[in-house]
Amino acid sequence: MKKIIYIKTGIENDYVYFQIENNGEPIPEEEQNKIFSPFFTTKVQGTGLGLPICKKIIEEEHKGKLYLVKSDEQSTIFRFELPLN
């Protein structure tokens, strides 16, 4: 299967948003609530700090949001939002 990444941007409810979607393997449902936890990883060489650090910077330093929109057989979508003001 050909890997595809879509990037969507826009303005909604006083936030600018960036949405990243890919058609790779879905994140298993039982792992979806753990992906932003420090040190959670499914990779042999991973530290499990990438998403938690990104979330902390976006939310604490920029008063934004970072979250998983969905992950299923069709695609996985992450979105982050930053306030316009």
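Could you point to the residue in THR47, TYR15, LEU66 farthest towards the positive end of segment 5-83's charge dipole, with +1 and -1 charges on the Cβ of Lys/Arg and Asp/Glu respectively?
THR47
Match the structure shown to one of the listed values (1) 40, 29, 20; (2) 34, 22, 21; (3) 31, 27, 25 of Cα extents along the principal axes in Å, computed from it, and give that label.
Identified label for the calculated read-out: (1).
Run the reach check for LYS65 against aspartates and glutamates, Cα to Cα strictly under 12 Å, same-chain hits fewer than 8 apart removed. What comes back?
The qualifying aspartates and glutamates are GLU81.
Readers should treat all values here as calculations from the given coordinates under stated rules, not as data from a laboratory. Nothing here was measured: the structure is a model prediction, and the numbers come from that model. For neighbour counting, all protein chains shown are included, and Cβ atoms are generated from backbone atoms with ideal geometry for every residue, glycine included.
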